[in-house]
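Here the structure is laid out as structure tokens; the discussion comes afterwards.
The values are calculated or read from the model by the stated rules, or taken from the named source; none is laboratory data. On a predicted model such as this, the values are computed, not experimentally measured, just so you know. Reconstructed Cβ throughout: ideal geometry from the backbone, glycine too, with neighbour counts over all protein chains shown. Quick note on the areas: whole protein, heavy atoms, side chains included, nothing else; ligands and nucleic acids left out. Shrake-Rupley method; radii C 1.70, N 1.55, O 1.52, S 1.80 Å.
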Amino acid sequence: MRVAGAIDEIGRGSTEAVTAAIGAYADRRAGLARTVRRSSAAESATRDRLQREADLADVENPRILLPADLASGSPHTRRR
């Protein structure tokens, strides 16, 4: 029974370690996803603000002439 008890103890310890590792991985992954969402939202807000400011600066004295089909678009819009 001693050997069987030792084997069971090793199995329980390993299961607990794996369960803890899976939990830690899930927590880190969720944290990284939150960071990426915040970073992406901040980048998007900054890009929109800069585009608006650039559009406003060009209102009085436009320096870029656009074809008629693009005239309604912003010359500062980043193409992806």
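Each row is one residue, and each column tells you yes or no for (1) of a type outside the set (Asp, Glu); (2) surrounded by 10 or more Cβ atoms within 10 Å (Cβ to Cβ); (3) at pLDDT 80 or above.
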{"site": "7", "(1), (2), (3)": "yes, yes, yes"}
{"site": "26", "(1), (2), (3)": "yes, yes, yes"}
{"site": "59", "(1), (2), (3)": "yes, no, no"}
{"site": "70", "(1), (2), (3)": "yes, yes, no"}
{"site": "75", "(1), (2), (3)": "yes, yes, no"}
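Taking the conditions exactly as written (modelled with pLDDT of 65 or more, open to solvent by less than 100 Å² (accessible area, probe 1.4 Å) and more than 32 Å from the chain's Cα centre (by Cα)), does residue 42 satisfy them or not?
Working: modelled with pLDDT of 65 or more: yes; open to solvent by less than 100 Å² (accessible area, probe 1.4 Å): yes; more than 32 Å from the chain's Cα centre (by Cα): no.
When the stated conditions are applied, residue 42 does not pass them.
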